[in-house]
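The values are calculated or read from the model by the stated rules, or taken from the named source; none is laboratory data. The shown structure was predicted, so the numbers you read here are calculated from the model rather than taken from an experiment. Neighbour counts are summed over all protein chains in view; Cβ atoms, including those assigned to glycine, are modelled from backbone coordinates with ideal geometry. In case anyone asks, the SASA skips ligands and DNA or RNA and just uses the protein heavy atoms, side chains included. Shrake-Rupley method; radii C 1.70, N 1.55, O 1.52, S 1.80 Å.
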Amino acid sequence: PEGQRILVTGGAGFIGSHLVDALVENNDVRVLDNLSTGQRDNVHSEATLVEGDIRDGETLETALSDIDLVFHEAAQVSVQRSVEVPEKSFEINTRPTLQILERARTDDIRVILASSCAIYGDPDYVPIDEEHPPSPSSPYGLEKLTIDRYARLYNDLYGVETVALRYFNVYGPRQTAGDYSGVISIFVDQATEGDDITVEGDGEQTRDFVHVDDVVRANLLAARTDAVGEAFNIGTGSSVTIRELSDMIQEVAKSNSDIVHVDPRSGDIGESRAEIDKAQTKLGFDPRTTLREGLESLIDE
Ligand code: UD1
């Protein structure tokens with residue numbers, strides 16, 4: 001996009017802040033973030049940070065003033081946390097999206113939103129295409145399915161230009177390691193600190209890990225696509241088991257950490273791998289970073 005007034009919700013967070021970096025040069029960028037997991041330091045100096053909560057209707061309304069395009073990245077991103085506090089997770093992940101879509105309807109705003117492969121639940125087959133029946137196995141998955149469907153409905157009913165990007169497992173710089181963070185940030189932290197690498201369950205569960213730079217590119221493509229009202233899988237089309245991941249990180253980090261197995265998670269997905277044909281054909285999306293390259297650059301930092 002060029003010469004647009006853009007709102008990035010969650011723009012101080014992991015994916016949002018990388019997106020802001022890619023947008024500031026040619027656009028007027030506003031960030032809405034409550035800095036609960038996001039960091040002020042992540043926000044590019046040329047973007048305007050509005051510090052506030054997306055659950056606060058007035059704050060969100062103000063942030064949406066005079067905007068052409070919204071990237072909605074603000075969310076409670078932990079599947080595990082959604083299992084622990086489903087009501088809170090719902091409030092963060094669902095209603096604010098509807099408010100954004102309502103404003104988009106009156107103000108002609110295009111909305112690109114962060115959906116997730118968690119909407120598919122434990123898949124019947126892999127690779128998972130967009131036609132795979134949704135069957136979320138966590139509150140988080142259900143919340144993302146809800147907003148993914150609202151996006152399509154707002155296009156059908158009111159002609160709002162929406163695109164839902166169903167992210168697979170995104171990783172990269174600025175994904176902070178914490179109890180509720182992505183597994184790669186946790187394993188890299190453990191491997192470099194010399195702590196035990198904690199594989200949950202037997203480690204045979206698979207994930208399709210996609211680098212944040214590729215996810216940013218997918219968002220930029222979505223901002224100018226004609227394929228509105230659509231949802232796209234954003235992954236690489238390859239997957240690894242969590243055990244393979246732990247071995248690879250141990251090796252790349254030249255770590256002497258032990259790999260230990262701990263209890264599996266409830267609501268965890270067994271297998272995951274994206275079919276990305278649709279994103280390739282309709283968006284022109286082509287993931288460029290292999291997992292190994294992504295891990296090497298992350299660990300080199
Ligand atoms: C992640 C994202 C979610 C996204 C989804 C898409 C985070 C926090 N969550 O959920 O927003 O929509 O991908 O698939 O980024 N694991 C371990 N040891 C650990 C931590 C995790 O073995 O210390 C395992 C988990 O049990 C799980 C796998 O790693 O099997 C991935 O976990 P996690 O990174 O939390 O991602 P998802 O639950 O897939």
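Structural remarks
- The stretch 77-121, accessible surface, carbon-and-sulfur percent (1.4 angstrom probe): 52
- In degrees, nearest ten, helix 212-224 long axis to first principal axis of the chain (Cα): 20
- For the peptides 260-266, 294-300, 247-253, residues were scored by their other Cβ atoms within 10 Å and the scores averaged per peptide; the highest-first order is 247-253, 294-300, 260-266.
- Charge context of T9, other residues only, Cβ under 10 angstrom, K/R +1, D/E -1: -1
- Rounded to the nearest 0.05, the FRET efficiency derived from the C-beta distance between R292 and K88 at R0 = 45 Å is 0.75.
- Rg over Rh for the chain works out to 0.95, both radii taken from alpha-carbon positions and Rh defined as the Kirkwood radius.
- Think of the chain as having a plus end and a minus end, set by charges on the Cβ of Lys, Arg, Asp and Glu; of T241, G10, N26, N26 sits farthest toward the positive end of this dipole.
- Note on the stretch 163-270: dipole from Cβ charges, positive end direction compared against L221, F209, F168; the farthest Cα belongs to L221.
- Projecting the Cα atoms of V83, L113, S65 onto the charge dipole of the stretch 60-149 (Cβ charges, centred on the Cα centre) puts V83 farthest toward the positive pole.
- Three-way shape label, the stretch 1-113, alpha-carbon gyration tensor, a/c 1.5: oblate
- Ordered from longest to shortest, the equivalent ellipsoid semi-axes for the stretch 111-205 are 31, 17, 10 Å, each the square root of 5 times a Cα gyration tensor eigenvalue.
- Net charge of neighbours whose Cβ lies under 10 Å from the Cβ of N34, counting Lys and Arg as +1 and Asp and Glu as -1: -3
- Value of D in µm² per second that Stokes-Einstein yields for the stretch 189-301, Kirkwood Rh from Cα pairs, at 37 °C (0.692 mPa s): 210
- Taking packing as the residue-averaged number of other Cβ atoms within 10 angstrom, the listed peptides 35-42, 225-232, 138-145 run from highest to lowest as 138-145, 225-232, 35-42.
- Angle between the chain longest axis and helix 14-23 axis [Cα atoms, degrees, rounded to 10]: 50
- The stretch 72-139: chymotrypsin sites (Phe, Trp or Tyr not before Pro) in DSSP loop, at most 14 other beta carbons within 10 Å: Y125
- Based on protein heavy atoms only, the chain ends up with 44 Å² per residue of surface accessible to a 1.4 Å probe.
- The stretch 122-243 - charge dipole about Cα centre, Lys and Arg +1 at Cβ, Asp and Glu -1, debye rounded to 20: 420
- Remark: spin-label model distance R55-T192 equals 3.2 nm, labels positioned 7 Å along the Cα→Cβ axis.
- Charged side chains reduced to their Cβ positions (Lys and Arg at +1, Asp and Glu at -1) give the chain a dipole of some 620 debye around its Cα centre.
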